[in-house]
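Asker: Here it is: the structure, laid out below.
The values are calculated or read from the model by the stated rules, or taken from the named source; none is laboratory data. Note that the structure is a prediction, hence the values are computed from the model and not measured. Because the Cβ atoms are built from the backbone with ideal geometry, glycine has one as well, and the counts that use them run over all protein chains shown. These accessible areas exclude ligands, DNA and RNA; they are computed on the full protein's heavy atoms, side chains included. Shrake-Rupley method; radii C 1.70, N 1.55, O 1.52, S 1.80 Å.
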Amino acid sequence: SRLFSVNAIGFMAINVIPLRLGEAVRPYLLKEQDNIDLGVSVAAIVVERLFDFTMLLFMLLLVGFAVDLPSHNIEIGGSAVDLIALGQRGAGVMLILGIVAVSVALSMGDRITGWFNNHGGFGRFISDVLVGFQEAFGRLRDEPTRGVIAFICTAVVWGTTIIAVKIALYSFGLPHGWDVALVAWTFTLTGMTFIPTPGFFGSYEACCAGALVLLGVASLSQAMAFALVLHLGQFLYLSVLGVIFLVKEGVSLRGVVRSSLA
């Protein structure tokens, strides 16, 4: 329940703070209120994002090979964008960079932390973060079952989200096959990941509606209405949940964000 509270506040911050700067909120809260080492919490979020990129890449590959799309291009800002290619390249690159960064941190840890530690001040802070990072990944390496369980949980979360999209399509009276739900959410998630507009407004609607129009299951007006309602539903849910736990924790979003980015 404690971690749920921190995540509720963190995900609300991610949704309302531009450029995903809200990502800093969760490590800050865990450090300040639970005395969890910053490096450990950052390492946990890195694992979370690596699993997310892995699932996104899998979904993009599945859409690219298993779903018969007339085209992969959708209109964003008046320009045609091949979202499948963009997402595959982006997710692949981020996944590779993440694995390389983790490998370097583990294999050259002492030399890197020593170099930062010798520069005092902010360098010592980076060194402390890297030490916690190394310890966290060392535990994960020694107990790989934890990583497997986390990956299974990631798959369940995204599978549940696709089911929710499928139910929303049904409620709008639109074709709601698994292929439609998969394409709609995959395109939406790709847009949110690589076009991080404030609150994801604009990129969410363009990619979600573009997927439905591309599949030929809705007119542009129907697709935009669906995308807007789906987005507002998710946005309001995260916002209300975040506010509830802000009150519970006795903190303000502005104060938490300022402190976490300081």
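Asker: So, in the stretch 208-250, exactly how many residues are outside any helix (DSSP H, G or I) and surrounded by 17 or more Cβ atoms within 10 Å (Cβ to Cβ)?
Answerer: 2
Asker: Residue pairs, Cβ under 6 Å, 6 or more apart or interchain, first in the stretch 216-240 and free of Cβ contacts under 8 Å to residues at least 40 places away in the same chain, second part of a helix (DSSP H, G or I) and of a type in the set (Val, Ile, Thr). List them.
Answerer: Leu220/Val213; Ala223/Val213
Asker: Report, by residue number, each residue of the stretch 40-75 that is under 21 Å from Gly216 (Cβ atoms) and crowded, with 17+ Cβ neighbours inside 10 Å.
Answerer: Across the stretch 40-75, the qualifying residues are Met59, Leu60, Val63, His72, Ile74.
Asker: Suppose we filter Leu169, Leu182 for residues that are closer than 30 Å to Ala225 by Cβ, assigned to a helix (DSSP H, G or I) and over 22 Å from the mean Cα position of the chain (by Cα); which single one remains?
Answerer: Among Leu169, Leu182, only Leu169 is closer than 30 Å to Ala225 by Cβ, assigned to a helix (DSSP H, G or I) and over 22 Å from the mean Cα position of the chain (by Cα).
Asker: Can you confirm whether the stretch 179-187 contains a residue that is within 16 Å of Met55 (Cα to Cα) and in contact with a strand residue (DSSP E or B) (Cβ under 9 Å, 6 or more places away or on another chain)?
Answerer: yes
Asker: If the requirement is being touching a Cys at 6+ places or on another chain (Cβ under 9 Å) and not β-branched (Val, Ile, Thr), which of these qualifies: Ala184, Ala164, Ala209?
Answerer: Ala184
Asker: So, one more: Restricting attention to the stretch 16-27, and to residues there that are buried (at least 21 other Cβ atoms within 10 Å of the Cβ) and in contact (Cβ under 8 Å) with a residue 60 or more places away in the chain, which single residue is farthest from Val257 (Cα to Cα)?
Answerer: For the stretch 16-27, the residue satisfying everything is Pro27.
Asker: Within the stretch 28-39, which residues are touching a residue at least 24 places away in the same chain (Cβ under 8 Å), more than 12 Å from Val256 (Cβ to Cβ) and open to solvent by 30 Å² or more (accessible area, probe 1.4 Å)?
Answerer: The answer is Asp34, Asp37, Leu38.
Asker: Which condition breaks for Arg26 when tested against (1) closer than 26 Å to His231 by Cα; (2) at pLDDT below 85?
Answerer: For Arg26, the exception is condition (2).
Asker: Give the residues of the stretch 143-199 that are exposed (fewer than 15 other Cβ atoms within 10 Å of the Cβ) and on the phi > 0 side of the Ramachandran plot, sorted by residue number.
Answerer: Scanning the stretch 143-199 gives a single hit, Gly173.
Asker: Let me ask another. Considering each of Leu86, Leu21, Leu69, Leu61 in turn, give the residue that is outside any helix (DSSP H, G or I) and among the aliphatic types (A, V, I, L, M).
Answerer: After ruling out the rest, the residue left standing is Leu69.
Asker: Give the number of residues within the stretch 18-64 that are under 13 Å from the mean Cα position of the chain (by Cα) and of a type in the set (Asp, Glu).
Answerer: Total meeting the criteria: 3.
Asker: Next up: Leu130: surrounded by 12 or more Cβ atoms within 10 Å (Cβ to Cβ) and closer than 20 Å to Asp37 by Cβ, yes or no?
Answerer: Working: surrounded by 12 or more Cβ atoms within 10 Å (Cβ to Cβ): yes; closer than 20 Å to Asp37 by Cβ: yes.
Against the criterion (surrounded by 12 or more Cβ atoms within 10 Å (Cβ to Cβ) and closer than 20 Å to Asp37 by Cβ), Leu130 qualifies.
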